[in-house]
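> Please read through the structure below; I'll follow up with questions.
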Amino acid sequence: MKKTLLALSLASAAIPAVAADYSDGDTHKNDFKWMQANLMYAVNELPGESDHDYLELEFGGRAGILDYYGYADVFNLTNSDSSDKSGQDKIFIKFAPRISLDGLTGKDLSFGPVQELYFATLFNWSGGSSADSVNNSFWGLGSDVMVPWLGKVGLNFYGLYDLNEKDWNGYQISTNWFKPFHFFSNGSFLSYQGYIDYQFGVDDDFGALYTSNGGTMYNGIYWHSDHFSVGYGLKGFKDIYALKDGGLAGKTTGFGHYFAVTYKF
């Protein structure tokens, strides 16, 4: 993973926006893949101000016109009765495939700082069958955008389709980044990495539980080597999942802390 992410980050930081060129018909020339296991511990995660451990299997890459990212979280690894996750859904899965519109059409759709456009999707599943379990899908337009200093940033705009309610409910803007900013003589480096998810236009008729908007921002500082990384992330919550702070869901605005030790396959 290090070599792939490092190459992409250095390239995006060093050169101006370059269009994704598929005019030669070779949609597989930029293929790559990565996978890693993250042993995580969360402190004051909202909602619920939960402290808990979890194992995250994370992956991503490019295969032809398909750009993909995802992870599977397994909570309460020892099944401890004292865990804040005891009695709750054991697994959470996020899968975010995007289909390149440039690759699909064979045309250069770039403009300004926008390098490539995608048909973007996102799926969140919590592994349970109850009405409280998360089963969401997001559908919309995605892009890769060149941003000063950060380099290439993913930026997606979605409509949310709630698979439990079988209904559309609001919108989400998501962005993510990975920026190496300090390199050591042994080849390891420090990175600033994170994401923003912001929901708006959410149905807030049930005002005791919901508000019309909310979101989160993750700011991580990580040390990376070829096969390992260690990091800390500060996560800000504002009415997370559009749950009203101080309402029936309790505290939904504040800060959480995340500690990670990673092995890269």
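The values are calculated or read from the model by the stated rules, or taken from the named source; none is laboratory data. Note that the structure is predicted; figures quoted are calculated from it, not measured. Quick reminder, even Gly has a Cβ in these numbers, built from the backbone with ideal geometry, and neighbours come from all protein chains shown.
> Which ones in region 64-89 are crowded, with 16+ Cβ neighbours inside 10 Å and charged (D, E, K, R)?
Asp67, Asp73, Asp84, Lys85, Asp89
> So, one more: Among residues belonging to region 90-118 that are buried (at least 19 other Cβ atoms within 10 Å of the Cβ), within 16 Å of the chain's Cα centre (by Cα) and among the hydrophobic types (A, V, I, L, M, F, W, C), point out the one that is nearest to Tyr68 (Cα to Cα).
Ala96
> Could I ask something else about it? List, please: which pairs have Cβ atoms under 7 Å, are six or more places apart or on different chains, and start with a residue in region 112-124 that is within 30 Å of Ile91 (Cα to Cα) and part of a strand (DSSP E or B) and end with one that is modelled with pLDDT under 95 and of a type in the set (A, V, I, L, M)?
Filtered contacts from region 112-124: Asn124/Val134.
> Related question: Within region 162-190, work out how many residues are loosely packed, with under 15 Cβ neighbours inside 10 Å and either at pLDDT 95 or above or out of contact with any strand residue (DSSP E or B) (no Cβ under 9 Å at 6 or more places or on another chain) (or both).
The total comes to 11.
> Quick check on my filter: what residues within region 207-265 are loosely packed, with under 15 Cβ neighbours inside 10 Å, in contact (Cβ under 8 Å) with a residue 60 or more places away in the chain and at positive phi?
Passing the criteria: only Gly250.
> Given the residues Phe59, Phe32, which is the only one that is at pLDDT 95 or above and either closer than 26 Å to Ala120 by Cβ or in contact with a Lys or Arg (Cβ under 6 Å, 6 or more places away or on another chain) (or both)?
On the way: Phe32 fails: at pLDDT 95 or above.
The match here is Phe59.
> Quick check on my filter: what residues within region 35-58 are surrounded by 15 or more Cβ atoms within 10 Å (Cβ to Cβ) and either within 27 Å of Thr105 (Cβ to Cβ) or touching a His at 6+ places or on another chain (Cβ under 8 Å) (or both)?
Within region 35-58, Ala42, Asn44, Glu45 qualify.
> While we're looking at this one, here's another question. Please work out which one of (1) under 22 Å from Pro97 (Cβ atoms); (2) among the hydrophobic types (A, V, I, L, M, F, W, C); (3) modelled with pLDDT of 95 or more; (4) surrounded by 16 or more Cβ atoms within 10 Å (Cβ to Cβ) is the condition Leu5 fails and give its number.
(3)
> Quick one: count up the residues across region 123-144 that are surrounded by fewer than 15 Cβ atoms within 10 Å (Cβ to Cβ) and β-branched (Val, Ile, Thr).
0
> Tally up the residues in region 145-161 that are part of a loop (DSSP other than H, G, I, E, B), touching a strand residue (DSSP E or B) at 6+ places or on another chain (Cβ under 8 Å) and either among the aromatic types (Phe, Trp, Tyr) or exposed (fewer than 15 other Cβ atoms within 10 Å of the Cβ) (or both), please.
Pass one, region 145-161, residues part of a loop (DSSP other than H, G, I, E, B): 148-150.
When the remaining residues are screened for being touching a strand residue (DSSP E or B) at 6+ places or on another chain (Cβ under 8 Å), the result is 149-150.
Among the residues that remain, those that are also either among the aromatic types (Phe, Trp, Tyr) or exposed (fewer than 15 other Cβ atoms within 10 Å of the Cβ) (or both) are: 149.
Total satisfying the criteria: 1.
> Evaluate region 214-221: report whether one residue or more is within 21 Å of Glu45 (Cα to Cα), at pLDDT 95 or above, of a type outside the set (A, V, I, L, M, F, W, C) and assigned to a loop (DSSP other than H, G, I, E, B). Write out each step before concluding.
We begin by selecting, within region 214-221, every residue within 21 Å of Glu45 (Cα to Cα); these are 214-221.
Next cut, at pLDDT 95 or above only: 214-221.
Now drop any that are not of a type outside the set (A, V, I, L, M, F, W, C), which leaves 214-216, 218-220.
Next cut, assigned to a loop (DSSP other than H, G, I, E, B) only: none.
No, region 214-221 contains no residue that is within 21 Å of Glu45 (Cα to Cα), at pLDDT 95 or above, of a type outside the set (A, V, I, L, M, F, W, C) and assigned to a loop (DSSP other than H, G, I, E, B).
> Given the criteria of a type outside the set (Asp, Glu), out of contact with any Cys (no Cβ under 8 Å at 6 or more places or on another chain), at pLDDT 95 or above and assigned to a loop (DSSP other than H, G, I, E, B), does Val202 qualify?
Working: of a type outside the set (Asp, Glu): yes; out of contact with any Cys (no Cβ under 8 Å at 6 or more places or on another chain): yes; at pLDDT 95 or above: yes; assigned to a loop (DSSP other than H, G, I, E, B): yes.
It is true that Val202 is of a type outside the set (Asp, Glu), out of contact with any Cys (no Cβ under 8 Å at 6 or more places or on another chain), at pLDDT 95 or above and assigned to a loop (DSSP other than H, G, I, E, B).
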